[in-house]
Every structure is written in structure tokens, then in C-alpha cells.
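Single-structure report; data block below.
Taken together, the values in this text are just the output of simple stated rules run on the coordinates, not laboratory data. All of these numbers come straight from a predicted model, not from anything done at the bench. Reconstructed Cβ throughout: ideal geometry from the backbone, glycine too, with neighbour counts over all protein chains shown.
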Ligand code: F6R
């Protein structure tokens, strides 16, 4: 596990973007696993800037996202499809035929998940997976549980997650209660993993997930077993650990 301490959110975003840029430069046809949420927004902004400055080229890149809400249209500005287009895809030269997310509009969960597993396998596997981490240790939408689920599956979002997501919706009732997510095995099969964490509110979970016991109650703790994980975090998120 490589821990990279940074000054603040801006610094974290720039350093995470450096790592992703290096991946794209070293392997122009790479597969990037991408995340949504607040934390990676600055990373995406830095990637867009680097693309505009001519330093990186997305034309050969394939992307697979971690998750998508179930029962939400692509046009809905809270869909992860919308988020990715808005924050990254529409600003760079990625071929949108090679940007993939689970199909949140597919009501049949088995069908949606089987299809997404097939899509990920067809890419040849993820070279670099970007992850944020939830306050309860979730990665993707793999919520605290008794087991680590292997592949794409449909999840009932936990109360903590629904409440954390409420800020993006008009009301609690509008927050989707289910989502499709990549499974833990698929995440662990990524050749490299890059975790971004920012803010004091993440300090406790950073300590628990990366320095506590490995348990499905804290799904991110499984990352301790991955051979190539880099955690880039700011001072506040690392305040309870020595970075
Ligand atoms: C998003 C995702 C989630 C987030 C996590 C942290 O695709 O899979 O696991 O990474 O909820 O979210 P933020 O960054 O908003 O704190």
C-alpha cells in the first residue's frame, strides 16, 4: 500500500490526476475504472485540463464505471451516466462507445448485472481503478455486509448512504434506494487501484479500512490484500494516521 499525503483537496486532485495521466501515457489503450461522488470531481477537472493542454489523449481509452442507480434515466442529472458525461467524457476525446456503466434503466437486475460483467470481461480487465470511499467503508456500492460479493449485483443502499446522497436530491424520498454495482472481486482484479480521500469526515474510515481488520463489515478493508494500491489523501483525511 502506497500512501501519498497531500496538502488539501486541490493538491490531492492534482496528484491523483498525475497518476491517471501516467497510466494513459504509458498505455494509451488502457481500461480505466472510474468512480463518481464528490471526491474525484477535482481529479476529473485536472484530467480535462491536461487533455486541453495536449498532455494526454483519451482516444484509445476504455472506461468502466463502478456503479449506477437503479431506476433512474440517463438524462436524469443525478444519474452517474450524466455525472460522467458532465464531469469528464464531454470534455475529452474519449470514444463514448467505449465508456460503460451499468444500465440503471434495466429493471431486470440479473440481466443488467450479467450484461455488465460481460462488458467488463470483454475489455480485458481494468488497468487502473479509481475509488472513493464511503463513510461506512463502502467502495462502489458494496455496503457493509457479512460477505464480499464477487461480481456485479443489485444492492439495497444503506441508510447512511441514502442520507449521504440526499444532498444531491430534492428530498429523501427522491433518493434511489437501489443501485447496480461492480463486485469486490472485479474491483480486486484491477491491476492497480487508486483511492482518493479528502476531508476530516473521512479520517476515521481511512484508519479503520486501511489499518483495521479485514472484514466485509468494512468493505474497503479488502484493499489491504491488493498488491498495488495507492491512496492519495489530504491532511484532514489522513489526520488519524501517519502518512
Ligand atoms: C461512486 C462510488 C462511491 C463513492 C463514495 C464516496 O461511484 O462508488 O463508493 O466513491 O460514496 O463518495 P464521496 O466521494 O462523495 O465522498
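Key figures
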| read-out | value |
| --- | --- |
| Test: residue in segment 193-203 that is touching a residue at least 24 places away in the same chain (Cβ under 8 Å), out of contact with any strand residue (DSSP E or B) (no Cβ under 6 Å at 6 or more places or on another chain) and closer than 15 Å to residue 72 by Cα | no |
| Subset of segment 195-212 (residues that are in contact with a helix residue (DSSP H, G or I) (Cβ under 7 Å, 6 or more places away or on another chain) and farther than 16 Å from residue 9 by Cα) | 209, 210, 212 |
| Complete set of residues in segment 136-150 that are closer than 22 Å to residue 163 by Cβ and in contact with a helix residue (DSSP H, G or I) (Cβ under 6 Å, 6 or more places away or on another chain) | 136, 137, 138, 139, 142 |
| Residue check, residue 97 away from the ligand (no atom under 16 Å from the Cβ), part of a loop (DSSP other than H, G, I, E, B) and on the phi < 0 side of the Ramachandran plot | no |
| Pairs, first touching a residue at least 12 places away in the same chain (Cβ under 8 Å) and under 24 Å from residue 17 (Cα atoms) in segment 67-89, second away from the ligand (no atom under 14 Å from the Cβ) and assigned to a loop (DSSP other than H, G, I, E, B), C-beta under 7 Å, six or more apart | 79/73; 81/74 |
| Pairs with Cβ under 6 Å, 6+ apart, first in segment 175-192 and free of Cβ contacts under 8 Å to residues at least 40 places away in the same chain and at negative phi, second in a helix (DSSP H, G or I) and within 15 Å of the ligand (Cβ to nearest atom) | 175/162; 175/165; 175/166 |
| Subset tally (residues that are over 20 Å from residue 143 (Cβ atoms) and either away from the ligand (no atom under 13 Å from the Cβ) or not in a strand (DSSP E or B) (or both)) for segment 191-230 | 11 |
| Identity of the residue in segment 16-59, within 19 Å of residue 237 (Cβ to Cβ) and more than 16 Å from the ligand (Cβ to nearest atom), that ends up surrounded by the fewest Cβ atoms within 10 Å (Cβ to Cβ) | 18 |
| Extreme residue, nearest to the ligand (Cβ to nearest atom), among residues of segment 107-149 that are under 17 Å from residue 68 (Cα atoms) and free of Cβ contacts under 8 Å to residues at least 40 places away in the same chain | 149 |
| Options 137, 233: the member that is within 16 Å of the chain's Cα centre (by Cα), surrounded by 15 or more Cβ atoms within 10 Å (Cβ to Cβ) and on the phi > 0 side of the Ramachandran plot | 137 |
| Residues of segment 60-78 that turn out to be part of a strand (DSSP E or B) and either within 14 Å of the ligand (Cβ to nearest atom) or over 25 Å from residue 186 (Cα atoms) (or both), as a count | 6 |
| Among (1) crowded, with 22+ Cβ neighbours inside 10 Å; (2) under 26 Å from residue 13 (Cβ atoms); (3) under 14 Å from the mean Cα position of the chain (by Cα), the one test that residue 188 misses | (1) |
